[in-house]
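*Asks:* Before I ask anything, here is the structure I am working with.
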Amino acid sequence: MTKQGKVDEWGLLLHLPYMPTSSSKKPKFRRVVLKISGEALRNDKTGEAIDSSVLDRLAEELKSLQSIGTQVALVVGGGNIFRGLAGARANGTDRTTGDNMGMLSTVINGLALMDRLEKSGLEVRVMTAIPMDRIAEPFIQRRATRHLENGRIVIFVAGTGNPYCTTDYAAALRANEIGADAIFKATKVDGIYDKDPMKFKDAKRFTKISHADALHKRLGVMDAEAFSLCEANKMPIIVFSMADRGAMKKAVMGQSIGTLVA
Ligand code: UDP
């Protein structure tokens, strides 16, 4: 055994899984809120609402964050199943009813996540903004922070519990309520660009931008209400690609990934 790890019979250094030591660099973020949109859970090839491999990937990433001592709470969206506004436009569903349906969609996603994370060995609690005590615990701020301190992953579902809101707003709200150090927003692109990178080849990615500039340039990081809440409370947001393996751990260790809004 050397200082770096175990050596094999030929004296070659074996690659061991990351293990924090007292000399290791300390994580930059102690507690984070990870916002996952419903779309990020969808399987684009088959059209299935919940892609099993995405759940597995998430479990892997969350375990690696826990291994370095970072507490993680998740806010999950529901757009892969139902969005209130889209429902209202498509089939005339009353907006409040549609939003309630949207919030219930986040509960379905949250339960799928809970199941997979638990099966991978993580301890999980689902907390809902709409009381449904057979299925999940009610959201109580002090209880949520207690779960996190005890090493559990907390999944916040049912958004804010109010119609005319989004799960981005729920992420901003919960992050502030539980005293998170940052919001990690997993998306399909690897950060914030000056224009749509899917449409424009010369689109440039920001590595860092202030809340004020992002708002002024109308970069659409989150909806305006959610973004204002983060700006008013100086909540950093890191936008990164869901496909980027290990990105969250890198960010927690202070490496630059995606775009930092701060
Ligand atoms: N929603 C709501 N209140 C909330 C959060 C969500 O009414 O606090 C509803 C709204 O209809 C929204 C749907 O739930 O369209 C799904 O949430 P969202 O669109 O934010 O999910 P995502 O885009 O992240 O998948």
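*Asks:* Could you grab me the full set of residues in the stretch 153-190 that are surrounded by fewer than 19 Cβ atoms within 10 Å (Cβ to Cβ) and either closer than 21 Å to GLU61 by Cα or of a type in the set (S, T, N, Q) (or both)?
*Replies:* ASN162, ASN176, ASP181, LYS188, VAL189, ASP190
*Asks:* Let me ask you something else. Out of the stretch 159-192, which residues are touching a strand residue (DSSP E or B) at 6+ places or on another chain (Cβ under 9 Å) and of a type in the set (Asp, Glu)?
*Replies:* Within the stretch 159-192, ASP168, ASP181, ASP190 qualify.
*Asks:* State which residue is modelled with the lowest pLDDT when the search covers only the stretch 65-98 and only residues that are of a type in the set (Ser, Thr, Tyr) and assigned to a loop (DSSP other than H, G, I, E, B).
*Replies:* My answer is THR93.
*Asks:* Hey, can you tell me all the residues within the stretch 218-237 that are part of a loop (DSSP other than H, G, I, E, B) and either of a type outside the set (Asp, Glu) or touching a strand residue (DSSP E or B) at 6+ places or on another chain (Cβ under 9 Å) (or both)?
*Replies:* Here is the first cut: in the stretch 218-237, the residues part of a loop (DSSP other than H, G, I, E, B) are 218-223, 233-236.
Result: ARG218, LEU219, GLY220, VAL221, MET222, ASN233, LYS234, MET235, PRO236.
*Asks:* Enumerate the pairs (first residue in the stretch 205-217 and outside any helix (DSSP H, G or I); second residue anywhere and among the polar types (S, T, N, Q) and buried (at least 18 other Cβ atoms within 10 Å of the Cβ)) with beta-carbon separation below 6 Å, excluding pairs fewer than 6 apart on the same chain, so at least 6 apart or on different chains.
*Replies:* Partner pairs satisfying both residue conditions: PHE206/THR259.
*Asks:* Next question, about the same structure. Could you please tell me which pairs satisfy a Cβ distance under 6 Å, a separation of 6+ or placement on different chains, a first residue in the stretch 161-173 that is farther than 16 Å from MET235 by Cβ, and a second residue that is within 6 Å of the ligand (Cβ to nearest atom)?
*Replies:* Within 6 Å, the pairs are PRO163/ASP99; CYS165/GLY159.
*Asks:* Here is a check on your reading of the model: is ILE237 within 22 Å of GLU177 (Cα to Cα) and surrounded by 13 or more Cβ atoms within 10 Å (Cβ to Cβ)? Break it down into steps so the answer makes sense when it comes.
*Replies:* On the way: within 22 Å of GLU177 (Cα to Cα): yes; surrounded by 13 or more Cβ atoms within 10 Å (Cβ to Cβ): yes.
For ILE237, the condition - within 22 Å of GLU177 (Cα to Cα) and surrounded by 13 or more Cβ atoms within 10 Å (Cβ to Cβ) - is met.
*Asks:* Suppose the filter is within 17 Å of ARG174 (Cα to Cα) and out of contact with any Leu (no Cβ under 8 Å at 6 or more places or on another chain); does GLU231 pass it? It would help to see each step written out before you state the result.
*Replies:* Details: within 17 Å of ARG174 (Cα to Cα): yes; out of contact with any Leu (no Cβ under 8 Å at 6 or more places or on another chain): no.
Criteria not met by GLU231.
*Asks:* Could you list, in sequence order, the residues of the stretch 131-182 that are of a type in the set (Asp, Glu), in a helix (DSSP H, G or I) and within 23 Å of ILE108 (Cβ to Cβ)?
*Replies:* Selection gives ASP168 alone.
*Asks:* Something else about it: Only one of LEU34, LEU58 is buried (at least 20 other Cβ atoms within 10 Å of the Cβ), at pLDDT 95 or above and assigned to a helix (DSSP H, G or I). Can you tell me which?
*Replies:* Exactly one of LEU34, LEU58 is buried (at least 20 other Cβ atoms within 10 Å of the Cβ), at pLDDT 95 or above and assigned to a helix (DSSP H, G or I), namely LEU58.
The values are calculated or read from the model by the stated rules, or taken from the named source; none is laboratory data. From a predicted model like this one, the values you see are computed outputs, not experimental measurements. Cβ sites come from the backbone with ideal geometry, for glycine too, and all protein chains shown count toward neighbours.
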